[in-house]
2 protein chains.
Amino acid sequence: MNETVTDWEPAYARRAARMSSSEIRELLKLLDQPDIISFAGGIPDPALFPREEAGNAYQTIMGDPTRANAALQYSTSEGYLPLREWISSYMTRLGANCDPDNIVVTSGSQQALDFLARLLVSPGDTALVDWPTYLGALQAFNAYEPRYDRIEFGATNRTPESYAEAASEAMAGGRVKFAYVVPDFANPTGRTLTEAERLSLLDLAGELDIPVIEDGAYAALRYDGTPVPPVIAMDAARTGHVDGARTIYCGTFSKTLTPGLRVGWICAARPIVKRLVLVKQASDLNSPLLNQVVMHQLAESVFDRQVTASIACYRERRDRMRAALDRHMPEGVTWTSPEGGIFLWLTLPEGFDGAELLARAVAEEKLAFVPGRAFFADGTGANTLRLSFSLANPEQIETGIAALARLIRG
Amino acid sequence: MNETVTDWEPAYARRAARMSSSEIRELLKLLDQPDIISFAGGIPDPALFPREEAGNAYQTIMGDPTRANAALQYSTSEGYLPLREWISSYMTRLGANCDPDNIVVTSGSQQALDFLARLLVSPGDTALVDWPTYLGALQAFNAYEPRYDRIEFGATNRTPESYAEAASEAMAGGRVKFAYVVPDFANPTGRTLTEAERLSLLDLAGELDIPVIEDGAYAALRYDGTPVPPVIAMDAARTGHVDGARTIYCGTFSKTLTPGLRVGWICAARPIVKRLVLVKQASDLNSPLLNQVVMHQLAESVFDRQVTASIACYRERRDRMRAALDRHMPEGVTWTSPEGGIFLWLTLPEGFDGAELLARAVAEEKLAFVPGRAFFADGTGANTLRLSFSLANPEQIETGIAALARLIRG
């Protein structure tokens with residue numbers, strides 16, 4: 001009776017229907033071809049990695065039997081205390097007064113997004129997101145089967161009640177459970193929320209009594225313009241401490257030090273952090289201690305230097321990409337002008353299809369970027385593209401944008 | 001209107017009610033006290049770690065700029081190909097013929113259990129587990145809100161239909177979604193399923209048309225008795241390949257090489273692996289490549305030696321613990337006699353409470369173990385204890401068991 005499984009589909013949970021492959025990840029495979037110019041992945045330039053310091057840190061720890069044995073053993077789910085201390089000082093420096101107990105270490109901020117949706121969303125609940133928003137966030141959230149509604153910033157007819165009503169109309173008892181934003185140099189648009197927009201977001205969250213999930217992945221990479229405080233800092237300022245804040249901040253070392261060690265964090269009020277430690281425990285017990293110890297050494301020794309070097313490198317590339325776009329793009333194509341981060345967002349005339357353009361770009365010009373549609377929870381945005389300027393060098397940027405303009409001209 | 005959150009409870013998803021702290025993890029904190037004798041965590045002895053080889057591997061990789069830059073970058077969700085090749089050869093050696101495409105690397109087998117429940121379980125579906133079973137599996141599964149039913153092995157009145165009927169009675173449309181077992185030297189009982197029991201499990205799974213999740217965490221650590229093939233090997237033998245098997249195998253290097261790097265794997269039919277790669281991508285993008293490269297070097301160079309050394313060390317400790325139990329335990333206390341692994345299971349007379357005994361053991365004897373109740377999905381088992389013999393040395397085992405016997409005698 002023990003026959004072979006021929007069709008696995010019926011075995012899966014309902015949520016599996018919403019798990020799909022990311023075009024970005026598929027595209028990463030293209031990067032193996034050295035002659036491709038890639039504006040695709042949100043990938044830091046490896047030339048910036050603090051390779052030597054990381055190597056030395058591994059050697060120091062592994063050369064000390066006591067530290068090495070601790071690093072090779074199971075460790076605590078909340079994360080390495082000295083690293084949590086560093087992070088809480090850093091968050092306090094950003095204006096969000098907090099303690100190490102307000103921090104849980106995650107395997108990159110992707111895991112933070114997974115954990116938060118797991119903690120907050122029952123199937124059919126509503127998540128407020130921007131249109132477009134970070135594709136990886138939608139992928140993480142989808143496993144918990146939310147419905148999405150669009151946060152509207154600035155002049156809008158939408159009242160807080162309208163969000164709540166739409167949530168309960170979508171499902172009996174359905175509620176809005178959180179608002180997710182990338183307020184600084186957003187993935188994918190490069191856009192930054194003004195202070196007024198952040199305040200109105202906090203007001204909306206207060207009216208709905210929901211947490212705000214602030215994704216600060218790119219916040220350290222500002223090239224010009226006036227810094228805007230993190231949402232969590234504006235929020236915590238009202239009571240003087242993150243414990244009184246409804247904002248939950250997701251941070252990462254991936255864009256400032258290295259993504260390879262997979263170290264990120266969540267900073268939030270203590271009750272939330274306690275819950276997240278349980279989620280971490282059930283998910284993978286703990287992040288590798290060794291990587292956390294090395295990341296702590298890097299944070300202590302080279303964080304500011306790495307941020308400065310990254311800013312210098314990526315600012316030049318952003319400038320090159322803007323200049324090349326100005327020079328080459330035909331009428332009717334528009335793009336954002338980000339003050340930081342690693343993304344620029346291109347809008348083509350109606351009728352263009354980003355996915356088709358990509359297929360031609362790869363085949364005809366050995367050029368890669370990400371079609372914008374995947375960033376829209378409602379599947380619109382076919383005529384948009386995300387361009388990353390972090391990995392290609394200035395010459396490749398010039399060549400690549402010229403090639404893209406040729407393709408758009410047809 | 002943006003008031004402070006005073007009560008986070010209403011913010012959480014329904015599933016949060018089932019997330020609770022593990023007594024084991026709380027107990028791990030006790031290990032910081034050096035004078036505690038611990039039979040608690042399922043923790044390998046750090047004296048066995050291949051510290052020098054791991055240190056050399058980190059140094060080699062980080063000393064090579066090209067390899068170091070790759071190791072510090074994002075990498076693929078499915079895992080490092082040479083490591084997947086090693087694992088697929090290893091699984092083939094165990095009798096489960098497979099290819100690297102049948103393998104996805106996870107952050108320990110804890111993450112494997114999380115991913116599998118996420119892929120397979122909709123709320124209210126039924127998971128078949130042993131009574132008792134691995135507490136960490138229950139914690140991982142709980143996030144996806146299954147109902148549990150008890151797998152009965154050996155002489156039983158339960159028919160396959162009775163499991164399916166109980167599942168659909170529990171919830172309209174509810175189905176049995178998988179059976180989870182630790183067939184070799186189980187956590188927590190140390191028990192091994194016979195070949196006949198494994199065959200009958202496969203028959204049951206065939207009748208119900210469900211996957212079997214085989215947790216092989218301890219399988220490499222056999223001290224005596226006759227090896228029994230892994231369930232996945234018996235299953236794959238019917239078609240000649242894992243692609244035709246309904247068994248999904250979770251493996252880990254945590255008990256043979258080191259748990260600190262958090263490297264485990266799932267071996268399964270290709271359609272399942274493809275789905276799991278999407279789950280991995282949405283969860284944490286990828287496990288740290290550097291740790292995977294180091295683990296691959298360790299697997300290539302010292303796996304057999306480490307297994308041999310671990311077997312010699314833990315066999316002696318098991319023998320010591322059995323001998324001490326024979327010598328010290330009063331009438332009415334019984335225990336299992338595992339042929340491998342790191343756990344022994346003690347049953348006290350009715351009326352004893354393992355949690356109360358633990359409180360006294362810590363206070364009066366500086367001794368730790370895990371009360372058995374947490375391993376029972378139905379909350380029974382108050383009069384049971386799990387004793388791990390992997391961390392305490394032979395003298396501590398003698399002293400600890402004598403102390404435990406004193407406590408039981410009152």
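Each value in this text was obtained by applying a stated rule to the coordinates, not by laboratory testing. For clarity, every value in this text was computed on a predicted model and none was experimentally measured. Quick reminder, even Gly has a Cβ in these numbers, built from the backbone with ideal geometry, and neighbours come from all protein chains shown.
Assorted remarks:
- Quarter of Cα convex hull surface for the stretch B:327-399, i.e. mean projection, nm²: 5.5 nm²
- Plainly put, the tip 7 Å out from Cα toward Cβ on A:VAL307 is 4.9 nm from that tip on each other copy, the closest given first.
- The charge dipole of the protein assembly as shown, taken about its Cα centre with unit charges on the Cβ of Lys, Arg, Asp and Glu (plus for the first two, minus for the last two), comes to roughly 660 debye.
- Charge dipole (Cα centre; +1 on Lys/Arg Cβ, -1 on Asp/Glu Cβ; no other charges) of chain B amounts to roughly 400 debye.
- Residue order, fewest to most beta carbons within 10 Å, for A:TYR90, A:TYR249: A:TYR90, A:TYR249
- Exam field: A:SER162 pseudo-label spacings to other copies (7 Å along Cα-Cβ), nanometres: 5.8
- Residues A:SER283, B:SER388, sorted so that the one with the fewest Cβ neighbours within 10 Å comes first: B:SER388, A:SER283
- Phi to ³J(HN,Hα) by Karplus 6.51 cos²θ - 1.76 cosθ + 1.60 over the stretch B:275-280, Hz, x for Gly, Pro: 5, 5, 5, 5, 5, 4
- Separation in nanometres of the label points that stand 7 Å from Cα toward Cβ, at A:ARG93 and B:ASP101: 4.8 nm
- The stretch A:266-345: Rg to Rh, with Rh as the Kirkwood radius over Cα pairs: 1.20
- q = 0.09, 0.11 Å⁻¹, chain B: log10 I(q)/I(0) [Debye, one scatterer per Cα]: -0.57, -0.86
- Spatially, the stretch A:329-392 and the stretch B:220-273 are offset by 43 Å when compared through their Cα centroids.
- Distant-in-sequence amide contacts of B:GLY340, defined by a placed amide H-H separation under 5 Å and a gap of 5 or more residues or a different chain, comprise B:TYR223.
- Charge dipole magnitude, Cβ of K and R +1, D and E -1 - the stretch B:75-301, Cα centre, debye nearest 20: 460 debye
- For A:GLU395 and B:GLN33, a Förster radius of 56 Å and the Cβ-Cβ distance give a FRET efficiency of 0.40, rounded to the nearest 0.05.
- Relative intensity, log₁₀ I(q)/I(0), of the stretch B:96-198 from a Debye sum that treats every alpha carbon as a point, q = 0.13, 0.15 Å⁻¹: -0.54, -0.71
- Between copies, A:GLY240 shows label-point distances of 7.5 nm, shortest first, with the point placed 7 angstrom from Cα along Cα to C-beta.
- Sites B:GLU165 and A:ASP378, calculated FRET efficiency, Cβ-Cβ separation with R0 45 Å, nearest 0.05: 0.60
- Note, ³J(HN,Hα) from phi for the stretch A:141-155, Karplus 6.51, -1.76, 1.60, rounded to Hz, x at Gly and Pro: 5, 3, 4, 9, 6, x, 9, 10, 10, 8, 6, 9, 9, x, 4
- Charge tally in the Cβ shell below 14 Å around A:ALA167, where Lys, Arg are +1 and Asp, Glu are -1, A:ALA167 excluded: -3
- Number of partner chain Cβ atoms within 10 Å, mean per residue of A:51-62: 5
- Residue order, fewest to most surrounding Cβ atoms within 10 angstrom, among A:CYS313, B:CYS267: A:CYS313, B:CYS267
- For the Cα trace of the stretch A:75-301, dividing Rg by the Kirkwood Rh returns an Rg/Rh value of 0.95.
- Residue and whole-Å distance for the chain B Cβ lying nearest the axis of the B-onto-A rotation are B:TYR58, 2.
- On the basis of the beta-carbon distance and an R0 of 45 Å, B:ALA405 and A:SER20 show a calculated FRET efficiency of 0.20.
- GNM top mover of B:ALA16, B:ALA219, B:ALA392 - chain B, alpha-carbon springs below 10 Å: B:ALA16
- Label-point gap, in nm, between B:THR156 and A:VAL307 - each point 7 angstrom along Cα→Cβ: 5.8 nm
- Dipole of the stretch B:236-342, positive direction: furthest Cα of B:ALA236, B:VAL302, B:GLY251, with charges on the beta-carbon: B:ALA236
- Residues whose placed amide H lies under 5 Å from that of B:ILE213, excluding near-sequence neighbours: B:ALA179, B:TYR180, B:VAL181, B:ILE248
- Listed residue (B:ASN157, A:TYR12, A:ILE103) projecting farthest to the positive dipole end of the protein assembly as shown, Cβ model: A:ILE103
- The HN-Hα couplings worked out from phi for the stretch A:74-90 by the Karplus form 6.51 cos²θ - 1.76 cosθ + 1.60 (θ = phi - 60°) are 4, 9, 7, 5, 6, x, 5, 4, x, 5, 5, 5, 4, 5, 5, 5, 4 Hz, whole numbers, x standing for Gly and Pro.
- Close amide H contacts of A:VAL176 (hydrogens built in the peptide plane, cut-off under 5 Å, sequence separation of 5 or more or a different chain): A:THR126.
- MRE, 222 nm, helices only [DSSP H, n ≥ 4, -39500 (n - 2.57), over the protein assembly as shown, to nearest 500]: -13000 deg cm²/dmol
- Candidate lysines - alpha carbon under 19 Å from A:LYS177, same-chain residues fewer than 8 apart omitted: A:LYS274
- Area projected by the alpha carbon convex hull of the protein assembly as shown, averaged over all directions, nm²: 33.7 nm²
- Note on A:GLU300 and B:GLU207: the model spin-label points, each 7 Å out from Cα along the C-beta direction, lie 6.1 nm apart.
- Equivalent-ellipsoid semi-axes of the stretch B:69-155, from the Cα gyration tensor, Å, largest first: 30, 19, 10
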